[in-house]
1. Can you tell me which residue in region 51-73 is surrounded by the fewest Cβ atoms within 10 Å (Cβ to Cβ), limited to those that are within 18 Å of LEU24 (Cα to Cα) and either touching a Pro at 6+ places or on another chain (Cβ under 8 Å) or of a type in the set (Gly, Ala, Ser) (or both)?
2. Across region 88-118, which residue is surrounded by the most Cβ atoms within 10 Å (Cβ to Cβ) among those that are among the β-branched types (Val, Ile, Thr) and closer than 12 Å to ASN149 by Cβ?
3. Is it true that SER154 is among the small types (Gly, Ala, Ser) and modelled with pLDDT of 95 or more?
4. I need the full set of residues from region 121-142 which are outside any loop (DSSP other than H, G, I, E, B), within 26 Å of ASN165 (Cβ to Cβ) and of a type in the set (Asp, Glu), in order please.
5. Can you work out which of the residues in region 105-120 that are in contact (Cβ under 8 Å) with a residue 24 or more places away in the chain and outside any strand (DSSP E or B) is farthest from ARG182 (Cα to Cα)?
6. Could you pull out every one of the strands (runs of 3 or more DSSP E) wholly within region 1-75 that has 2 or more residues that are touching a His at 6+ places or on another chain (Cβ under 7 Å)?
7. Do we have any residue at all in region 76-86 that's over 24 Å from LEU176 (Cα atoms) and crowded, with 19+ Cβ neighbours inside 10 Å?
8. With the requirement that a residue be of a type outside the set (Ser, Thr, Tyr) and in contact with a Pro (Cβ under 6 Å, 6 or more places away or on another chain), what does region 74-102 give you?
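The values are calculated or read from the model by the stated rules, or taken from the named source; none is laboratory data. All of these numbers come straight from a predicted model, not from anything done at the bench. Backbone-built Cβ (ideal geometry, glycine too); neighbour counts: all protein chains shown.
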Amino acid sequence: MYSLILDSSTKILYVALVKDNTLLEDIYVSGQNDHAKNIVSKVDELLKKYNIATKDLSEVVCGYGPGSYTGVRMAVTVAKMITVFMNIPLYTISTLKLMASGSKGKTLAIIDARRGNSFGMLYDMDNNKYIIEEALYNTEELKNNAYDNIVTESDYRVDPIYCLNNKTKVENPDLLIPNYLRETEAERNLND
């Protein structure tokens, strides 16, 4: 069973290939609003390296936000395209959980949402439960909570097996909408 894991919601593009709950390889590409030029080529590179065709994948797990508005959409779109065309299951995982997955204890995961705000959560990785639910928070207030580890959008390590064990099935991939956690700036300006 081959699993492909994707996330492009942060400053790091993450692509992993897992076979039968064993990581074959994962790729981290640091970038700044430029994951679009790398996501398809990195998936292709990884699959070719292990002689795997997209039709051989058993599932795709996609980090679906929150995060960069455009970034979130890239991984979601690629995941939807692969799963719909290859007729394989699509699963999601919160990008914040994906970011925290390589940590232990009470882990604060934050993604810069500008203007002193962050998309964030505080998660007890040892007991697999939220201490503070995912939402948009004032960054300083969020950091005032007690935690053992902090991961940010540019410095995290993923545990792909955790991601596979904590995924959520998407019943209809065509209807999957990224988890933005707030309106875009354009939407906010329209409503003002």
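1. Initial filter on region 51-73 (within 18 Å of LEU24 (Cα to Cα)): 51-62.
Retained after the next criterion (residues that are either touching a Pro at 6+ places or on another chain (Cβ under 8 Å) or of a type in the set (Gly, Ala, Ser) (or both)): 53, 58-60.
Values: ALA53: 10, SER58: 13, GLU59: 20, VAL60: 28.
Out of the qualifying residues, it is ALA53.
2. In the first step, residues of region 88-118 are kept if they are among the β-branched types (Val, Ile, Thr); the result is 88, 92-93, 95, 107, 110-111.
Now narrow it down to the ones that are closer than 12 Å to ASN149 by Cβ: 107, 110.
On the way: THR107: 25, ILE110: 21.
Ranking the candidates gives THR107 first.
3. Numbers: among the small types (Gly, Ala, Ser): yes; modelled with pLDDT of 95 or more: no.
So SER154 fails the test.
4. ASP124, GLU133, GLU134
5. Going residue by residue through region 105-120, those that are in contact (Cβ under 8 Å) with a residue 24 or more places away in the chain are 105-113, 116, 118-120.
With outside any strand (DSSP E or B) added as a condition, the list becomes 105, 116.
Numbers: GLY105: 28, GLY116: 15 Å.
Among those residues, the one meeting the criterion is GLY105.
6. Numbers: elements: 2-7, 12-19, 22-30, 57-63.
In region 1-75, there are no strands (runs of 3 or more DSSP E) which contain 2 or more residues that are touching a His at 6+ places or on another chain (Cβ under 7 Å).
7. Within region 76-86, the subset over 24 Å from LEU176 (Cα atoms) is none.
Among the residues of region 76-86, not one is over 24 Å from LEU176 (Cα atoms) and crowded, with 19+ Cβ neighbours inside 10 Å, which makes the answer no.
8. Start the filter on region 74-102 by keeping residues that are of a type outside the set (Ser, Thr, Tyr), which leaves 74-76, 78-82, 84-90, 93, 96-100, 102.
Of everything in region 74-102, those that are of a type outside the set (Ser, Thr, Tyr) and in contact with a Pro (Cβ under 6 Å, 6 or more places away or on another chain) turn out to be VAL76, LYS80, VAL84, LEU90.
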